[in-house]
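The values are calculated or read from the model by the stated rules, or taken from the named source; none is laboratory data. In this text the structure is predicted, and so the values were computed from the model without any measurement. Quick reminder, even Gly has a Cβ in these numbers, built from the backbone with ideal geometry, and neighbours come from all protein chains shown. Heads up: the accessible areas ignore ligands, DNA and RNA and are worked out on the full protein's heavy atoms, side chains in. Shrake-Rupley method; radii C 1.70, N 1.55, O 1.52, S 1.80 Å.
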Amino acid sequence: MARNKSTQLTDGEQSIMEVLWREGEASVRDITNALSVEKQTAYTTVQTLCKILAEKGYADFRKKGKAFIYIPKITQKEARQSALTTMMNKFFGGSPKVLAQHLMQETDIELEDLEALQKQIDESKD
């Protein structure tokens, strides 16, 4: 049985989107060079992942000479929201409350972070 294609970003796609969000637009060569700073990355791998990003609707492209220039179609904030909603629905029954409780119980969240969150909650009530 064939597996459904995911609309969520894989780790490799996420890395490419990070470059696109930072740069605004980039060629496959530029993306490959940026990713290769941390870990050697093949041009053909980046090229394939960029095509997949375009198919998924995360990026668009235009041709400039022989190069393809990729541009993000969604913001980082939109991608985060989509990923968070998917995770919350999949693992926490769609409940932000259950997700927040899990984060407080299962992570080493600092007191300062909790205080900052409480301040945001208090301010949103006004």
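Some observations on this one:
- Test: residue in the stretch 16-36 that is at pLDDT below 95 and among the acidic types (Asp, Glu): no
- Long-range neighbours under 9 Å by Cβ, at least six apart or interchain, first residue in contact (Cβ under 8 Å) with a residue 60 or more places away in the chain within the stretch 114-126, second open to solvent by 90 Å² or more (accessible area, probe 1.4 Å) and assigned to a helix (DSSP H, G or I): none
- Residue in the stretch 91-110 that is assigned to a helix (DSSP H, G or I), of a type in the set (Val, Ile, Thr) and surrounded by 10 or more Cβ atoms within 10 Å (Cβ to Cβ) present: yes
- Checking each residue in the stretch 4-54 for being open to solvent by 90 Å² or more (accessible area, probe 1.4 Å) and under 21 Å from Thr85 (Cα atoms) picks out Asn4, Lys5, Thr7, Asp11.
- Test for Lys77: is it at pLDDT 95 or above, open to solvent by 40 Å² or more (accessible area, probe 1.4 Å), touching a Gly at 6+ places or on another chain (Cβ under 7 Å) and closer than 16 Å to Gly24 by Cβ: no
- Selection from the stretch 17-66 of residues that are of a type in the set (Asp, Glu) and not in a loop (DSSP other than H, G, I, E, B): Glu18, Glu23, Asp30, Glu55, Asp60
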